[in-house]
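Read the structure below first, then the notes.
The values are calculated or read from the model by the stated rules, or taken from the named source; none is laboratory data. Here the structure is a predicted model, which is why all the values come from computation and not from measurement. Virtual Cβ from ideal backbone geometry, glycine too; neighbours counted across all protein chains shown.
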């Protein structure tokens with residue numbers, strides 16, 4: 001039985017509001033907005049039962065956790081752990097970000113572009129040492145998981161902490177390198193969901209990242225200003241084969257009634273978001289989802305891209321999982337446990353899907369002229385496997401990590417490229433499904449690909 005972990009970032013603090021670096025400084029407290037947003041988190045989580053709540057001891061996280069607790073029907077004990085403290089940046093704490101960038105340009109550039117290599121020379125009474133903040137935080141996150149997971153097998157726990165440590169908790173769980181520290185976005189009072197199949201070292205699924213719909217926001221504000229390129233990656237709505245867990249692959253199955261409703265809800269969710277262009281797989285289920293989504297954007301022409309077709313399952317297509325198990329039991333188990341090693345009978349392997357999907361994804365990015373002052377938004381509607389390999393690519397993961405990523409029918413993910421392909425992407429949000437269910441958990445059909 002899976003262990004579900006809900007991770008929340010604290011509400012807006014006084015230092016957040018003033019754009020002052022906090023680190024482990026404990027002078028900052030929640031603003032009025034931070035308190036109000038924390039109450040919204042509490043409302044969003046009020047239907048869940050938690051086995052335990054773990055919190056950073058810093059005031060801004062503690063205040064957030066206590067406000068959330070007041071909304072829960074059966075609040076469990078609140079535990080404060082130093083292993084949930086924020087990234088340690090002792091030489092920059094209490095400085096404005098703009099001042100750090102001006103006074104330490106080389107160090108700040110390293111922090112932003114090569115966070116795993118960034119260090120500070122710390123001098124104490126015992127002598128001098130090199131302190132690597134991100135590497136230390138990754139180690140801290142890993143120690144937290146090793147200590148806490150065995151205590152709550154099959155339960156649900158809540159973590160309330162900070163921007164940096166949350167990124168590292170997520171990264172260490174699913175295998176993201178410290179070099180990708182800045183790839184993961186964490187908005188104040190966001191909600192993330194991780195599902196652990198067992199203990200540390202067993203399979204983990206990132207169900208969702210940086211959800212903020214409960215705060216009344218549709219999508220996260222771009223981290224590096226309202227400029228560059230934003231891609232909205234959507235999985236198609238439900239089909240009858242999804243519902244039955246029948247392998248679809250490249251068989252052209254249309255949406256069912258629920259899938260069309262999901263497409264309409266995606267359209268409502270994104271109706272006020274400016275969309276400049278749109279791309280879809282040519283198969284009926286994503287094409288129809290894209291057309292429904294674009295009904296509020298009648299001037300946007302839909303481009304069909306053949307290389308965004310779903311993975312070809314070959315001889316498995318059209319079969320239920322139970323039917324495949326009868327004939328290909330060992331290969332099916334291999335697909336479920338080590339998907340990158342499987343060649344589908346008369347179909348594709350994940351590397352082939354990866355190559356065509358990522359090449360097309362990067363062509364889309366290259367085709368857009370990135371502006372210094374405006375944000376260009378592209379809608380991309382595709383399939384479970386296509387979306388998963390794209391998201392793995394964004395996070396620097398290999399095909400072996402395919403099952404670490406969840407994509408619900410009608411889910412929306414947000415990827416920003418502030419400077420095109422020249423600089424790394426930012427995963428602003430992943431697998432948003434609140435517009436479909438109204439809750440923080442993905443309740444769409446598990447389904448087959």
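Do the conditions hold for residue 370, that is, is it touching a residue at least 24 places away in the same chain (Cβ under 8 Å), more than 21 Å from residue 179 (Cα to Cα) and either assigned to a strand (DSSP E or B) or not assigned by TED's automatic domain parsing to the domain that holds residue 193 (or both)? Don't jump to the end; show me each part of the working.
Values: touching a residue at least 24 places away in the same chain (Cβ under 8 Å): yes; more than 21 Å from residue 179 (Cα to Cα): yes; either assigned to a strand (DSSP E or B) or not assigned by TED's automatic domain parsing to the domain that holds residue 193 (or both): yes.
Yes; evaluated as a whole, the condition is true for this residue.
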> For region 37-69, which residues satisfy the criterion of being part of a loop (DSSP other than H, G, I, E, B) and either touching a residue at least 60 places away in the same chain (Cβ under 8 Å) or out of contact with any helix residue (DSSP H, G or I) (no Cβ under 7 Å at 6 or more places or on another chain) (or both)?
Replying inline: 46, 47, 48, 49, 50, 51, 56, 58
> What pairs come up if the first residue lies in region 303-316 and is under 19 Å from residue 329 (Cα atoms), the second is surrounded by fewer than 15 Cβ atoms within 10 Å (Cβ to Cβ), and their beta carbons are under 8 Å apart, counting only those six or more places apart or on different chains?
Replying inline: 314/345; 314/346; 315/345; 315/346; 316/345
>> Out of the residues in region 373-395 meeting the condition of being farther than 19 Å from residue 208 by Cβ and assigned to a loop (DSSP other than H, G, I, E, B), tell me which one is nearest to the chain's Cα centre (by Cα).
In response: 374
> Of the residues 38, 2, 44, which is at pLDDT below 95, at negative phi and buried (at least 16 other Cβ atoms within 10 Å of the Cβ)?
Replying inline: 2
> How about region 148-185: which of its residues are farther than 21 Å from residue 79 by Cβ and either part of a loop (DSSP other than H, G, I, E, B) or outside the structural domain of residue 68 (by TED's automatic domain parsing) (or both)?
Replying inline: 175, 176, 177, 185
> Any idea which of 27, 107, 86, 93 is in the same structural domain as residue 137 (by TED's automatic domain parsing), modelled with pLDDT of 95 or more and part of a helix (DSSP H, G or I)?
Replying inline: 107
> Is there a residue in region 338-345 that is touching a helix residue (DSSP H, G or I) at 6+ places or on another chain (Cβ under 7 Å) and without any contact (Cβ under 8 Å) to a residue 24 or more places away in the chain?
Replying inline: yes
